[in-house]
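S.K.: Quick one: the structure is below, and I'll ask about it shortly.
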Amino acid sequence: MIIESWVLVLLQVLLYAALAPLLTGWIRKVKARLQNRRGASIFQPYRELYKLFTKEARMAHTASILYRAAPYIVFVATWLAASAIPLVATGLPTAAIADVIVIAGLLGLARFFLALAGMDVGTAFGGMGASREMLVSALAEPAMLMAMFTLAMTAHTTNLSSMVDYQMASGNILRPSYMFALAGLMLVAIAETGRIPVDNPATHLELTMIHEAMILEYSGRHLALMEWAAQLKLMLYGTLLANIFFPWGIALKADMPSLGIGLLLVMIKLAVLGIVLAAGESVLAKMRVFRVPAFLNLAFLLALLGLLSHVILEVGS
Amino acid sequence: MSLDHLSLLEQLMLVLAAIALFTSFILLEQARLVASIHAFAWQGALAAAVTTVVAASGGHTHLYFSAVLTLCLKALLIPWMLHRLVRKLELDRQIEPLRHPALVIMFAVALVIFSYWLVLPMVQQELVFTRNIVAVSLAIVLIGLLMMVVRQQAVVQVLGFMSMENGLFLAAVSATGGMPLVVELGVAFDVLVAMVLFGVFFFQIRESIDSLNVDRLNRLTERTEEER
Amino acid sequence: MNMLLLMVFAPLAGALLLALVRSLGRAGWVNVLVCTITFGAALGLARDVIREGVIMGMTFRVDPFNVYLLVLTAFIGMTTSIFSRPYMQYVCDSGKTNARGMRLYHVMFQLFMFTMLLALSTDNLGILWVAVEGATLATVLLVSLYRTPEAIEAAWKYFILCGVGIALALFGTVLLYFAAQRVVPDPATGLTWSVLYEIAPLLQPSIMSLAFVFLLIGYGTKVGLVPMHQWLPDAHSEGPTPMSAVLSGLLLNVALYAVVRLKMLVDGSLSGTTSPHMAGYLLMGFGMLSFLVAGLFLHRQRDIKRMFSYSSIEHMGLMTFAFGLGGPLATFGALLHMLVHSLTKSAIFVTVGHATHIAGTQSIDHIRGLIRTQPAVGWLLLIGVAAIAGFPPFGVFTSEFLLLTATIQSQPWFTVALLGGLVVAFAGLFRHLHPMVYGPVPEGQQAVQANMVPVLLHLGLVLWLGLSIPGFLARWLDRATELITGAHLL
């Protein structure tokens, strides 16, 4: 039984790493279709990662040990955070670390090293990207935590997998607090993963970059790891939204049919979220950087309203 | 968690009330006048929806009529009148940004918490499922009041006033299952007449001070008396 | 019952009629006629109430408390309409407004009377709210009748402040209905005052206290209690003078009547708890604050109508304090004060209308020598101000004396504040009045056509009430006192 669950854990971890580029490819494809282009195949990100891994990693002569270590730290931290979130099954041994605060901490660690790496070489763009990233994350973090605490108060735990279990057990209930928390988390997800309208993932115009600016100097396997980490982060948030708010289909038992159904359903949910994101990106324009705080204030307000709704409307006397 | 004991309709009512509170916040912060009017129309529609849900789950038939009345008045007629006025006053493209938006929003959230605390003794006694919405409706009233205080454009102040009336209607429906029909009709009539008078007033104000920024209506103070 | 219906609906019919009458002269006479009919009906109603006691039916209720207010309202409406007929002709001729404005004025005047009479005679607290809000709406356009920037500002302030206040009062009414619904036998009567008064001890005290706070702030805005009074000086001074007369004399009374009715319910509800006088204390606090602040503000005024509207705030504060004090003596004094204050204040405003007509301005600094230019106006203004300041032998002295006696008996320390405030107000009024009446006459100031009969009538009544209150009126007020406080005075 123990061996089985650890095998499941390994499976889930590998699935995350394997499916993350697929999600990115799918989003790009949908966006292309919406913009009337044919778009690259959905497996293109795999090819890009492969290409980058085979290339030589060049570094500036001003780069320090931090610069070389950062891609690995960022990738591992993001992967660890992502793999704790229930993807196809709950109740795994890693459920113990699937705590909201732990995940926020791991993502914070990754972001910290990313920002340092951006500043390490001493270019202007790196510093600019790092400072913007810190601004966005400083404002997004309270919103995310507030939304997660709303969920935590309903489920009486901060553990994600317990939250999913609670949600499955309580059946179909419309909660205003969940609605607001969902809206707030979607806005936070857009900000944290660097999508339009906060940051354009495909741009290389110097003055509009946030994430791209920090990894501008990287090449070869370092760049591959950074890109993969970004894709993992997107999948992390997608899975968070899909499996916490709409957990139906997650395998509660560890047998093949439930796992299969769980995998299929989560892929469908992620695909739908991908379509929503792509549609949003096509319709909205990127905001100017000084308006990002207003966007994140809206996210915080939504999360706060979720908490207030929970206390006022949902708690019995 | 008492939500499990509520039927789907009752949960829907809570969701609708929460969205109505959110539209209050939108009204408070929205700089574009036309968008504010739309937010107000949505708030009226949501109030009517809550009333319909209460009527359906509680079996009060006169509430259906109130819901239809509110929908026609607050979601259709009054926004339409405001739209027409805005077009005649040529304010379609005007933007009036809120100064200190973060402070105002924080104060609005404090008002929500305050109204929750205020109706707590009331809420603790009742076993009716609508009791929690009373706090939300008082919050909508107080946020409407806040809107009238912090915004300076006359049309936006009127929106704040109408939003207060929305909150009061919601309070009546949620706390008491609807006021007697005669009173409801009287209140609706008063609101309509008030709207008509406001419309007349916008033109009078604009004629006299050539703008709708009511902060410029400041000739009647104690100080002016000495200068005369 | 017929008298009641006639009294309440005659103004409504008059409003509809006046909407059709085009000529100003005829409109003035129709106005007077309708008001006279209303007054006649009110007298008939009073006679019915004296004979039968309480008259109830069709959501109306006329008992000793509101019957004399109804007669007072109809009477002052009638005398004001008599004053307004030539005065508005002068206003129209001097170009301050036009024929359309005059039609609006007459229609709104009658609608205003209708809503006030409805508010005073209804038994349903919801309809009371609707009528008070209706009274606000009816007068809002009249305050801005002259279309000057100041008038529009005053009207906007009036509309917004009173609108917000009334909205809070509606929340209070909702809370009251909520409390009532749980104990009242027939849910359809949840807002009927008579029913609620019978079962008042059953109403939940915590909810009633919360409701009363909202209701006091809401209706208190319309009474002109500090700090919700900001609209009052502006609205009363910028509107046409007949409007100031009825607003000061009548609408403030109606709002205070609403507060007192609700206080009766709250007192019944709180009677068994640890703080049974909460409502009274709140009223006393607001009343004393209004009284003192208004008295101080009186001194700073440069506009004659603003000065008298602060005097109105001061007197309403005094009445609120008296009702808050409770007990038969103070309540009798407050009821008498409502009566004499309305009569005196409306008389003063009528005289002020003539005075401003003579001087051509509302500014105190520019009105001089009234007594020499037109002795009738000068003397009556002097006497009116003496009456309102509380000189014996006028009625205001009697009611203030009763109030002071009651205060000394129950809350002695407040007497100091009361006396101080009365002295301050008296000083302020006379300081401004003296140069207006006795100062040097400016060039070219001439007497005007002025019908002083309404003023003489009002002041005469106030003098009569001060010298010797007629027996039937004293017994009438006594019955109202008994209704409010549960104890007789006489």
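No value in this document is a laboratory result; all are computed from the given coordinates. Computed from a predicted model, the values in this text were never measured in an experiment. Neighbour counts run over all protein chains shown; Cβ positions are idealised from the backbone, glycine included.
S.K.: What are the membrane-span-like helices in chain B by this rule: whole DSSP H runs, Cα extent along the axis at least 18 Å, mean Kyte-Doolittle hydropathy at least 1.0? It would help to have the intermediate numbers written out before the result.
M.R.: Numbers: long enough: B:8-29 (32 Å, 2.02); B:33-58 (37 Å, 1.40); B:101-118 (25 Å, 2.29); B:131-150 (30 Å, 2.40); B:154-176 (33 Å, 1.36); B:181-209 (41 Å, 1.83).
Counting only whole DSSP H runs, the qualifying helices are B:8-29, B:33-58, B:101-118, B:131-150, B:154-176, B:181-209.
S.K.: List the trypsin sites (Lys or Arg not before Pro) in the stretch C:1-70 that DSSP assigns to loop (not H, G, I, E or B) and whose Cβ has at most 12 other Cβ atoms within 10 Å. Which are they?
M.R.: Answer in residue order: C:ARG22.
S.K.: Between the stretch C:263-318 and the stretch C:194-219, how many Å separate their Cα centres?
M.R.: 19
S.K.: Could you sort B:55-64, C:395-404 so that the peptide with the highest average Cβ count within 10 Å comes first and the rest follow in order? All intermediate terms of the calculation are to be shown ahead of the outcome.
M.R.: On the way: B:55-64: 15.3, C:395-404: 22.4.
Going by the mean number of other Cβ atoms within 10 Å, highest first, we get C:395-404, B:55-64.
S.K.: Sticking with this one: Anyone know which of A:ARG37, A:ARG111, A:ARG195 comes out most mobile in the 10 Å Cα GNM of chain A?
M.R.: Per the Cα network of chain A with a 10 Å cutoff, A:ARG37 tops the list.
S.K.: Summing +1 for each Lys or Arg and -1 for each Asp or Glu, what net charge is found among the other residues whose Cβ lies under 14 Å from the Cβ of A:TYR50? Show your work: numbers first, answer last.
M.R.: Details: positive: A:ARG47, A:LYS51, A:LYS55, A:ARG221; negative: A:GLU48, A:GLU227.
That works out to +2.
S.K.: Moving on. Within 10 Å of each Cβ of C:159-165, how many other protein chain Cβ atoms are there on average? Let's see the in-between values first.
M.R.: Working: counts 6, 9, 1, 0, 11, 9, 0.
For peptide C:159-165, the averaged partner shielding equals 5.
S.K.: What angle do you read, to the nearest 10 degrees and between 0 and 90, between the alpha-carbon axis of helix A:65-84 and the longest principal axis of chain A?
M.R.: On a 0 to 90 degree scale, this one is about 20.
S.K.: Something else now. Tell me, Kirkwood radius of the protein assembly as shown from alpha-carbon pair distances, in Å?
M.R.: With all distinct Cα pairs of the protein assembly as shown included, I get 32.4 Å.
S.K.: Quick one, can you get me the convex hull of the C-alpha atoms of chain C expressed as volume per residue in Å³? Kindly include the intermediate steps, with their values, before the conclusion.
M.R.: Details: hull volume 60.2 nm³, N = 490.
Spelled out: Cα convex hull of chain C, divided by residues, is 123 Å³.
S.K.: Find the lysine pairs in chain A meeting two conditions, Cα atoms under 25 Å apart and a separation of 8 or more places or different chains, and report how many there are.
M.R.: Total qualifying Lys-Lys pairs in chain A comes to 13.
S.K.: Here's a follow-up. Where q = 0.15, 0.21 Å⁻¹, what log10 of I(q)/I(0) comes from the Debye formula for the stretch C:223-293, counting one point per Cα?
M.R.: -0.60, -0.94
S.K.: Select from B:ILE19, B:ILE209, B:ILE37 the residue whose mean-square fluctuation is largest in a Gaussian network model of chain B (Cα-Cα springs shorter than 10 Å).
M.R.: Among B:ILE19, B:ILE209, B:ILE37, the largest GNM mean-square fluctuation belongs to B:ILE209.
S.K.: Using the count of nearby Cβ atoms within 10 Å as a rough guide to exposure, how do C:LYS222, A:LYS51 rank from fewest to most?
M.R.: On the way: C:LYS222 27, A:LYS51 11.
Ascending number of Cβ neighbours within 10 Å: A:LYS51, C:LYS222.
S.K.: Could I ask something else about it? Let me know the charge dipole size of chain C about its Cα centre in debye, to the nearest 20, where only the beta-carbon of Lys, Arg (+1) and Asp, Glu (-1) is charged.
M.R.: Details: 25 positive and 20 negative charges, 167 e Å.
That gives a dipole near 800 debye.
S.K.: Counting DSSP beta bridges with both partners in the protein assembly as shown, what percentage is antiparallel, nearest 5? Please report the intermediate quantities before stating the final value.
M.R.: Numbers: 9 of 10 bridges.
Antiparallel bridges make up about 90 percent of those DSSP assigns within the protein assembly as shown.
S.K.: Going by average Cβ neighbours within 10 Å, how do the peptides C:276-286, C:224-234, C:408-418, C:347-357 rank, with the highest at the top?
M.R.: Details: C:276-286: 19.8, C:224-234: 23.7, C:408-418: 13.7, C:347-357: 26.5.
Averaged packing, sorted descending, gives the order C:347-357, C:224-234, C:276-286, C:408-418.
S.K.: Hey, what do the phi angles of the stretch A:161-173 turn into as Karplus ³J(HN,Hα) couplings, whole Hz, using 6.51/-1.76/1.60 and θ = phi - 60°, x for Gly and Pro?
M.R.: The phi angles translate into 6, 5, 4, 5, 4, 4, 4, 5, 6, 7, x, 8, 10 Hz.
S.K.: Give me a single rounded figure for A:304-312: the average over its residues of other chain Cβ atoms within 10 Å of their Cβ. Spell out each step's value before the answer.
M.R.: Numbers: counts 5, 7, 1, 1, 9, 10, 2, 5, 17.
Mean inter-chain Cβ contacts per residue within 10 Å come to 6.
S.K.: Let me ask something else about it. Please order A:SER5, B:SER36 by the number of other Cβ within 10 Å, starting at the fewest.
M.R.: Working: A:SER5 16, B:SER36 27.
So the ranking, lowest neighbour count to highest, is A:SER5, B:SER36.
S.K.: If you don't mind, there's one more thing I want to ask. Which values, in whole Å and largest first, are the semi-axes of the equivalent ellipsoid of the stretch B:2-227 obtained as the square root of 5 times each eigenvalue of the Cα gyration tensor? It would help to have the intermediate numbers written out before the result.
M.R.: On the way: eigenvalues 217, 78, 49 Å².
In descending order, the three semi-axes are 33, 20, 16 Å.
S.K.: A further question on this structure: Helix-derived [θ] at 222 nm for the protein assembly as shown: sum -39500 (n - 2.57) over DSSP H runs of at least 4, divide by residue count, nearest 500? It would help to have the intermediate numbers written out before the result.
M.R.: Values: 41 runs with 770 residues, N = 1035.
Roughly -25500 deg cm²/dmol at 222 nm, from the helical runs in the protein assembly as shown.
S.K.: Give, as a single signed number, the net charge of other residues whose beta carbon lies under 15 Å from the beta carbon of A:LEU145, with Lys and Arg counted +1 and Asp and Glu -1.
M.R.: On the way: positive: A:ARG111; negative: A:ASP99, A:GLU141, A:GLU192.
Summing Lys/Arg as +1 and Asp/Glu as -1 gives -2.
S.K.: Let me ask you something else. Return the equivalent ellipsoid semi-axes of the stretch C:150-234 as a descending list in whole Å, where each equals the square root of 5 times an eigenvalue of the C-alpha gyration tensor.
M.R.: Values: eigenvalues 203, 27, 17 Å².
Gyration-tensor ellipsoid for the stretch C:150-234: 32, 12, 9 Å.
S.K.: Follow-up question, since we're still on this one. When a footprinting reagent is the concern and you count Cβ atoms within 10 Å, what order do C:GLU443, A:GLU133, A:GLU206, B:GLU96 take, fewest first?
M.R.: Details: C:GLU443 4, A:GLU133 21, A:GLU206 13, B:GLU96 18.
Fewest-to-most Cβ neighbours within 10 Å comes out as C:GLU443, A:GLU206, B:GLU96, A:GLU133.
S.K.: Now a separate question. If we sort A:263-273, B:39-49, C:112-122 on the protection proxy, mean other Cβ atoms within 10 Å, highest first, what's the order? Please report the intermediate quantities before stating the final value.
M.R.: Values: A:263-273: 18.1, B:39-49: 23.8, C:112-122: 26.1.
Final packing ranking: C:112-122, B:39-49, A:263-273.
S.K.: Could you list which residues have their amide H under 5 Å from that of A:ASP99, counting only those 5 or more apart in sequence or on another chain, with H placed in the peptide plane?
M.R.: Amide H neighbours of A:ASP99, under 5 Å, 5+ apart: A:LEU160.
S.K.: Check which residues have an amide H placed less than 5 Å from C:ARG61's amide H, if you skip close sequence neighbours.
M.R.: Under 5 Å from the amide H of C:ARG61 lie the amide H atoms of C:THR122, C:ASP123, each far enough along the sequence or on another chain.
S.K.: Same structure again: Just counting partner chain Cβ atoms within 10 Å, what average do the residues of peptide B:105-114 show around their Cβ? Write down the numbers at each step before the final one.
M.R.: On the way: counts 5, 2, 0, 1, 5, 0, 0, 6, 3, 0.
Mean number of neighbouring Cβ atoms from other chains: 2.
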